[in-house]
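Notes for the one structure printed next.
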Ligand code: SF4
């Protein structure tokens with residue numbers, strides 16, 4: 001995408017499970033009702049459980065229409081957000097409007113918390129794929145891993161997922177983020193298995209924190225624990241997908257703009273940044289990264305024996 005600026009739409013980017021995905025972010029950055037310890041956006045800055053009409057539905061739809069006119073090779077339109085997209089009050093209307101302008105399947109990636117609300121279940125049941133996350137089998141771990149807004153109740157959320165399954169005829173893919181020494185022991189996994197069995201998703205995926213997390217102490221589980229989790233939950237791993245090359249999504253933008261756009265969504269591995277710009281020397285890219293660091297636009301982070309660059313946080317981080 002290149003001719004005009006885009007505010008809500010990004011990509012297409014290779015999605016881990018869905019192919020080439022045109023992303024839509026209908027919420028302001030880092031707006032979430034969780035502040036997960038593993039979040040690659042850092043700690044949540046707009047920590048809220050109030051659904052809002054952050055932007056007009058038709059403004060978002062207009063952008064998608066414009067992006068589709070560029071005849072991009074797209075497998076799926078994914079509503080994802082740099083935070084929790086169900087906090088967007090126009091979500092149901094947005095999905096309906098998108099269905100009017102294209103036949104491309106629509107996916108919603110969500111932390112699943114608002115599936116406890118009948119209205120949200122109804123709204124996202126219009127999508128083709130819904131991918132909620134469930135990391136914790138009990139309230140104590142829910143608080144430690146996801147740090148939810150205090151009004152959110154895990155039992156109501158899992159009940160909501162069970163109810164959603166009953167009304168949703170599309171593909172329901174549950175995701176579990178496995179974190180070392182938090183939810184990777186046999187007992188936790190077996191209790192999660194019982195909950196997942198009640199929800200009856202079409203697929204279960206296990207991820208690990210491959211990018212720098214919000215909290216430095218978060219670690220990737222041992223391979224043996226990941227294997228055991230896959231076996232117990234009868235799940236598929238998406239833990240190896242950091243090997244995917246990041247695509248240069250906007251060939252006409254400057255390297256600085258592209259780096260800023262992607263790092264706003266997730267930290268970028270340094271070696272992947274080099275592959276984004278095959279016609280620019282590594283030295284030039286390194287100079288650019290250092291200049292951007294000096295201007296406090298991005299920062300260098302070491303994680304899991306790799307170098308990442310991530311956007312510099314601008315707002316004060318806080319919890320209620
Ligand atoms: S990982 Fe997702 S659900 Fe958790 S804080 Fe980040 S955006 Fe919110």
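For the stretch 129-141, the tally of residues that are within 20 Å of the chain's Cα centre (by Cα) and away from the ligand (no atom under 16 Å from the Cβ) stands at 1. Just checking, how many residues over the stretch 112-133 are touching a strand residue (DSSP E or B) at 6+ places or on another chain (Cβ under 7 Å) and either in a helix (DSSP H, G or I) or surrounded by 24 or more Cβ atoms within 10 Å (Cβ to Cβ) (or both)? Of the residues in the stretch 112-133, 7 are touching a strand residue (DSSP E or B) at 6+ places or on another chain (Cβ under 7 Å) and either in a helix (DSSP H, G or I) or surrounded by 24 or more Cβ atoms within 10 Å (Cβ to Cβ) (or both).
The set of residues in the stretch 297-310 being at pLDDT 90 or above and assigned to a loop (DSSP other than H, G, I, E, B) consists of 297 alone.
The values are calculated or read from the model by the stated rules, or taken from the named source; none is laboratory data. Here the structure is a predicted model, which means the values were calculated and not measured. Heads up, the Cβs are rebuilt from the backbone with ideal geometry, glycines too, and the neighbour counts pull from every protein chain shown.
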